[in-house]
Amino acid sequence: MNKGAGVRPGAHGSPAPFDVEAVRRDFPVLHQQVHGHPLVYLDNAATTQKPRQVLEAIDQYYRTTNSNIHRGVHHLSQKATDAYEGARGRIAKFLGITSSAEAIFVRGATEGINLVASSYGRHHVGPGDEVIISAMEHHSNIVPWQMLCSERKASLRVVPMSDEGEADLDAYEELLSARTKIVAFSHVSNALGTINDVKRIVGAAHDHGIPVLLDGAQAAPHLPLDLEALGCDFYVISGHKLYGPTGIGLLYGREELLEAMPPYQGGGDMIKSVTFDVTTYNDLPHKFEAGTPDIAGVIGLGAAVDYLQGIGMEAIGAHEAKLLSYGTRALQQEPRVRLIGTAPNKAGVLSFLVEGVHPHDIGTILDRQGIAIRAGHHCAQPVMDRLGIPATARASLALYNTTAELDALLQGIRKVKEVFGT
Ligand code: 7TS
C-alpha cells in the first residue's frame, strides 16, 4: 500500500479524511499555468493525470530492473517477472478478481473488447444470431461488434435510451432471446455519465444463459468494483483513465470461458511448445498475452491501483459525488446552459451545451482561460444522433478536482456567453 498517497493515516492508523490539496500535490502536471492561468484539468474521461508514485514506479523499473519477462534465468529478468506478475495480482485484487488467470493485460478497453469480439464472438456468433449493445456505447463497444456481425451474418440489436440518458432496461429484457449470443454494455457512459444498472443487465442475460461484457473504462476510476460479486463474464478497463500509463489495460474474463476461447494473437509467450506441425498454447492468462507486453505499463498501473487503494475508492467516490452535484447545480442554474445527461445515477461527467455556441468554440474559449475540457461527439456519435445534437462540451471529473475549479469552469462559461453575446 502506498504510504505517499493523498490520504495520510490518522493518529491511530485509521484513514484520515480525504484531503484534496494533499492529493493535488501528488500530481506534478497539475501545477502549471496555461495561457497565463492556473491549469484546470477537466478532461479526465479522455485520460487522467498520473501521480508521482506512478511516474516513480516506471522510472525505477527502467533504472533498476528493465529486462524481458518469463524467459530469462538471470536476476533482472526474474525481478522484472516478479514485478509484472506482482502487479497483476494487486490489480486483479483491486477489481475483485480472485484468480490472476482471469486477468489479462491488453492495450486498453478497446483491445479488450476486440479480443472478446474476435475470439469469443467468432466462435459463438453465427448467421441469424444477435448481439445486444446499448444506445450509449463508445465507438469501441460498437464497431468491433458491427464487424463481427457483418462477418458472421448476425444482427446488432440496440437497447434504446431516454432523453435523460437512461437505458431502457425493460426494452433490453424484451430483446433478450435464444438468438442473443452476447450482451455488451457500458458500466458508465463516457458522454453522459450514466451509471447503468449492471446487476440487472447481467442478471437478465444470465437468466437466458447469455454472457455479458461490461465496458468499465469510465467506471473503474469512480466506483469501487467487485467483478466476481457483479457476476459479469467479461469486463474491460483502460489503465490511462485510472491514473496509470497509456497503452495498458485489463480484460477480466471468467476462466471457464477464457479456457474455451482460441488465442487472439499468436507469438511468443502464449505457447507451451511449437513445431511446424503443432503448437500447444500456454495456460491462462498467458495464452492471451502474445509477445513482449508493456511491462513498465503494468508496473505503472500496479502503482496506480496501490495509490487509489491508499486513498480508498469509497472516499474518492464520495469526493467526486460532491463535485458532481455541485457542478450539476451550477450548470442547471446557469441561463442558456443545458446539461446533457441527467440520469439520476451518474458518475464523473458534466456534458453541456451553451445556447447558440458550438461546443468546439466553448472548448477553445475555455482553453484560453486554462480550462481543459473536451468538445465533440466523444466517440459516441449515436448518442449525439439520438439526442439530435452534433456535439457537446464535456467537463469530466477526477479525484484531484475541486469545487474552486468548477467555479472557474462556470466563470469560463460566462466568458463564452459574453464573447458570443448570448
Ligand atoms: N469505453 C469507454 C466507455 C470509453 O470512455 C473509452 C474512451 C473507451 C471505451 C476506449 O478506451 P481506450 O483507452 O481503449 O481508448 N473514452 C474516451 C473519451 O471519452 N474521450 O477520449 C477517450
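The values are calculated or read from the model by the stated rules, or taken from the named source; none is laboratory data. No experiment lies behind these values; they were computed from the predicted model shown. Glycine also receives a Cβ, built like all others from the backbone with ideal geometry; neighbour counts cover every protein chain displayed. For the accessible areas, the whole protein counts, side chains as well, though only heavy atoms, and no ligand, DNA or RNA atoms are used. Shrake-Rupley method; radii C 1.70, N 1.55, O 1.52, S 1.80 Å.
Tell me whether the range 354-362 contains one or more residues that are β-branched (Val, Ile, Thr), open to solvent by 60 Å² or more (accessible area, probe 1.4 Å) and either over 24 Å from ASN196 (Cα atoms) or within 16 Å of the ligand (Cβ to nearest atom) (or both). Walk me through it before giving the result.
Going through the range 354-362, the residues β-branched (Val, Ile, Thr) turn out to be 354, 357, 362.
From the residues that got through so far, the ones that are open to solvent by 60 Å² or more (accessible area, probe 1.4 Å) too are none.
Looking for residues that are β-branched (Val, Ile, Thr), open to solvent by 60 Å² or more (accessible area, probe 1.4 Å) and either over 24 Å from ASN196 (Cα atoms) or within 16 Å of the ligand (Cβ to nearest atom) (or both), one finds none in the range 354-362, hence no.
Might you check whether a residue that is farther than 19 Å from LEU95 by Cβ, of a type outside the set (D, E, K, R) and buried (at least 24 other Cβ atoms within 10 Å of the Cβ) occurs anywhere in the range 170-182? Even if it seems obvious, please write down each step before you answer.
Our first condition is that a residue be farther than 19 Å from LEU95 by Cβ; within the range 170-182, this holds for 170-182.
Imposing the further condition that a residue be of a type outside the set (D, E, K, R) reduces the set to 171-172, 175-178, 180, 182.
If we keep only those that are buried (at least 24 other Cβ atoms within 10 Å of the Cβ) as well, we get 182.
Yes, there is a match, as at least one residue in the range 170-182 is farther than 19 Å from LEU95 by Cβ, of a type outside the set (D, E, K, R) and buried (at least 24 other Cβ atoms within 10 Å of the Cβ).
Could you look through the range 243-263, keep only residues that are in a loop (DSSP other than H, G, I, E, B) and out of contact with any strand residue (DSSP E or B) (no Cβ under 9 Å at 6 or more places or on another chain), and pick out the one that is surrounded by the fewest Cβ atoms within 10 Å (Cβ to Cβ)? Step through it out loud before you land on a result.
Just the residues of the range 243-263 that are in a loop (DSSP other than H, G, I, E, B), to begin with: 243-248, 254, 261-263.
Still in the running and out of contact with any strand residue (DSSP E or B) (no Cβ under 9 Å at 6 or more places or on another chain): 243, 245, 247.
Working: TYR243: 27, PRO245: 23, GLY247: 18.
Filtering first and then ranking leaves GLY247.
When residues of the range 329-358 are filtered for being under 22 Å from the mean Cα position of the chain (by Cα) and part of a helix (DSSP H, G or I), how many remain?
First, pick out the residues of the range 329-358 that are under 22 Å from the mean Cα position of the chain (by Cα): 340-352.
Now restrict to residues that are part of a helix (DSSP H, G or I): none.
Adding up the residues that qualify gives 0.
Can you find a residue that is modelled with pLDDT of 95 or more and within 25 Å of ARG25 (Cβ to Cβ) anywhere in the range 332-348? Before the answer, list the steps.
Kept after step one, since they are modelled with pLDDT of 95 or more, are these residues of the range 332-348: 332-347.
Next cut, within 25 Å of ARG25 (Cβ to Cβ) only: 347.
Yes, the range 332-348 has at least one match.
Please go through the range 363-380 and give me each residue that is in a loop (DSSP other than H, G, I, E, B), open to solvent by 10 Å² or more (accessible area, probe 1.4 Å) and more than 13 Å from the ligand (Cβ to nearest atom), ordered by number.
Going through the range 363-380, the residues in a loop (DSSP other than H, G, I, E, B) turn out to be 369-370, 373, 377-380.
Cutting the leftovers down to open to solvent by 10 Å² or more (accessible area, probe 1.4 Å) gives us 369, 373, 377, 379.
GLN369 - this is the single residue of the range 363-380 that is in a loop (DSSP other than H, G, I, E, B), open to solvent by 10 Å² or more (accessible area, probe 1.4 Å) and more than 13 Å from the ligand (Cβ to nearest atom).
With the requirement that a residue be open to solvent by 20 Å² or more (accessible area, probe 1.4 Å) and either at pLDDT below 95 or within 16 Å of the ligand (Cβ to nearest atom) (or both), what does the range 66-104 give you?
HIS70, ARG71, GLY72, VAL73
Going residue by residue through the range 381-399, is there one that turns out to be surrounded by fewer than 20 Cβ atoms within 10 Å (Cβ to Cβ), in contact with a helix residue (DSSP H, G or I) (Cβ under 8 Å, 6 or more places away or on another chain) and under 21 Å from GLY36 (Cβ atoms)?
Scanning the range 381-399 turns up no residue that is surrounded by fewer than 20 Cβ atoms within 10 Å (Cβ to Cβ), in contact with a helix residue (DSSP H, G or I) (Cβ under 8 Å, 6 or more places away or on another chain) and under 21 Å from GLY36 (Cβ atoms).
Is there a residue in the range 291-305 that is of a type in the set (D, E, K, R), in the same structural domain as SER189 (by TED's automatic domain parsing) and out of contact with any Gly (no Cβ under 7 Å at 6 or more places or on another chain)?
As a first pass, look at the range 291-305 and keep what is of a type in the set (D, E, K, R): 294.
Retained after the next criterion (residues that are in the same structural domain as SER189 (by TED's automatic domain parsing)): 294.
Imposing the further condition that a residue be out of contact with any Gly (no Cβ under 7 Å at 6 or more places or on another chain) reduces the set to none.
Looking for residues that are of a type in the set (D, E, K, R), in the same structural domain as SER189 (by TED's automatic domain parsing) and out of contact with any Gly (no Cβ under 7 Å at 6 or more places or on another chain), one finds none in the range 291-305, hence no.
Here are the criteria: (1) closer than 30 Å to ALA375 by Cβ; (2) within 13 Å of the ligand (Cβ to nearest atom); (3) open to solvent by less than 10 Å² (accessible area, probe 1.4 Å). Tell me which single one ARG107 does not satisfy.
In the conditions (1) closer than 30 Å to ALA375 by Cβ; (2) within 13 Å of the ligand (Cβ to nearest atom); (3) open to solvent by less than 10 Å² (accessible area, probe 1.4 Å), ARG107 misses (3) alone.
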